[in-house]
Amino acid sequence: MTSLGPSILRIACLDTRSLLQTCSKVDSLAARIAQQYARPYSIFSSQCSWKDRRTSISSRLRPILRIPNANSQIRIGARTFASQRIIKNFTDLPKDYDPESGLPFRTQPLSQNEALRIFGKGVDANTANRALRVLHGLRVSGTLEDPNSAQLKAPFFQDLLVNRGLSWLRKNVPVDEVQNAGLRAEQELEAMNLETLQDSIKIGLWRPNSREIGEGESPYGKSGLDKIREDEARMLDEKEKELEKSRNRQADEIRENTGTLQTGAASHVVLRRRGENKRLKYFLERAEILPETPPEMSIFQRLFPSGLVVLGTLIGVYVFTQVYTPPATSARLWPDMPPSAATVAGIILLNAAVFAAWRIPPLFRFLNMHFIMVPGYPFASSVLGNVFSHQAVSHLAMNMGILWFVGSRLHDEIGRSNFIAVYLASGAISSFVSLASFVVRGSFVSSSLGASGALCGIIACYLSINSGEKIKLFGIFPPDDWPSLSALGVLVFMVGVDVLGLYKLRSRTVDHVAHLGGYAAGIGSAQLLMYRSRRRREIERARRKEMGIVDRIKEGRV
């Protein structure tokens, strides 16, 4: 709790009639509130003069900037509980306002109990405070209805946060949103006009008039379009007068048919805002498969179906590695392409197809069920489907580039069946680990998708198998006589980066838990593959020792 000393000093030497006939330091915070004046900092001498008693309150409350004397005991820059100002007007918006950070909506943040009363279960106090700050900032900055304004990072329960947050703010923190939006629009229009004017002067299309412009005179001179408009207006007035005379004549003759003339737009065009297309609106409403609030489910109920899918995936890929036989060259779809390139290209095409499907509204419902993982209402199939799902071009391009660069090299070392098994197993395990982390923490306002978990498994498997090799970029840098990191060192560094991001950076857009799950799956897969390779070599050596001379001659080993 802050001291009342600075507050007492700020109301010292006020009018004696308004502050109980006292000139020295007044120990009442209510006196300062009564004057409707609160300053977070005050730097002035502790001495006061009786000559200033007759000045007005407004003149006495101006900021006093004087160097304190040597004997002064006042601490410069002392903070008080009135230092955090709640901004409600667009004109008071600070220059360093950031839409992602928002504005303070009250002096103290919400507690967990208050967040529970406002938003319900599934939303912690930090998420609630951040959402209310962003919403209050949008209201004050006049960008609440702007489709390009900052949005909360909660893809599926965003409507719940926004609606309940706005309802609470409008009730407890009143702001004139219409006025702020109008001021924002005027500011942007003025900036656009100024920019257009400056560009016109710069390229020589326009220059200011040297003579003064008279009252009512246009700075652009007399326009031919103005003359045409004046003629049209005059003709319309004449026609209107003739019609009025005609109606007056008919009124006397056919009084029983008189009525009210209703006018409307000639084109009868109704403008729609973006996103209000009827067909698109239908598909968007149909795609909303999630309830407004996360259903009441135990941890076991949320994780068990997804765990069965992961277990089935692991069993399936193991059986696939045992029964798969590489096809003959004539039976391949792309016989002229190396098997590693063909396999990786097929996975890339599958990811690109899902990326394109996110642009087709009739598929939104299917994709929301099977190709994105939501801890609040998990679908079991999404644990594997989200591995092939991307919504941003940059996300897709980065992941597929890593897959082509590392995946083709791992494929050449372990073969097609083992490569596909490692990719699918790493993706399923990383997704399940991420889902379990969100569910255990109770963070339901989140979602996850992307192939990064499977890629971490591919990278970890490749580096583990070649742990003693030195890493070179494009096979040439650094040279052999230069010091360089081994593959194992690179793997340890990458795992450390995700551990640091998990506990220190706490990024809201990177699923570090899924990455760590992918690394663990890749390392485990590498150990299993190396064990099977050693086992095959031991069996082969034992078989050769037991071979007779005839068998050796048949195999050409004599």
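Just a few scattered comments:
- Any chance A265 is loosely packed, with under 10 Cβ neighbours inside 10 Å, at pLDDT below 80 and farther than 30 Å from F366 by Cβ: yes
- Candidates are the residues of region 426-443 that are over 14 Å from I372 (Cβ atoms) and hydrophobic (A, V, I, L, M, F, W, C); the one that is surrounded by the fewest Cβ atoms within 10 Å (Cβ to Cβ) is V440.
- Search result, residues across region 323-356 that are in a helix (DSSP H, G or I) and more than 23 Å from L455 (Cα to Cα): V323, T329, S330, A331
- The set of residues in region 368-424 that are assigned to a loop (DSSP other than H, G, I, E, B), within 24 Å of the chain's Cα centre (by Cα) and either surrounded by 17 or more Cβ atoms within 10 Å (Cβ to Cβ) or of a type outside the set (A, V, I, L, M, F, W, C) (or both) comprises F371, I372, V374, P375, G376, Y377, P378, F379, S389, H390, Q391.
- Contacts under 7 angstrom Cβ, first residue in region 151-176 being farther than 19 Å from P99 by Cα, partner at pLDDT below 85 and small (G, A, S), 6 or more apart: F156/G376; F156/S447; F157/G376
- Hits in region 119-134 - residues which are touching a residue at least 60 places away in the same chain (Cβ under 8 Å) and buried (at least 24 other Cβ atoms within 10 Å of the Cβ): V123
- In region 169-220, the residues that are modelled with pLDDT under 80 and either within 27 Å of the chain's Cα centre (by Cα) or within 30 Å of A128 (Cα to Cα) (or both): none
- Among the residues making up region 445-458, none is surrounded by fewer than 24 Cβ atoms within 10 Å (Cβ to Cβ) and hydrophobic (A, V, I, L, M, F, W, C).
- Any chance N386 is assigned by TED's automatic domain parsing to the domain that holds I458 and closer than 21 Å to V422 by Cβ: yes
The values are calculated or read from the model by the stated rules, or taken from the named source; none is laboratory data. These figures come from a predicted structure and were not determined experimentally. So basically every Cβ, Gly included, is an ideal-geometry build from the backbone, and we count neighbours across all protein chains shown.
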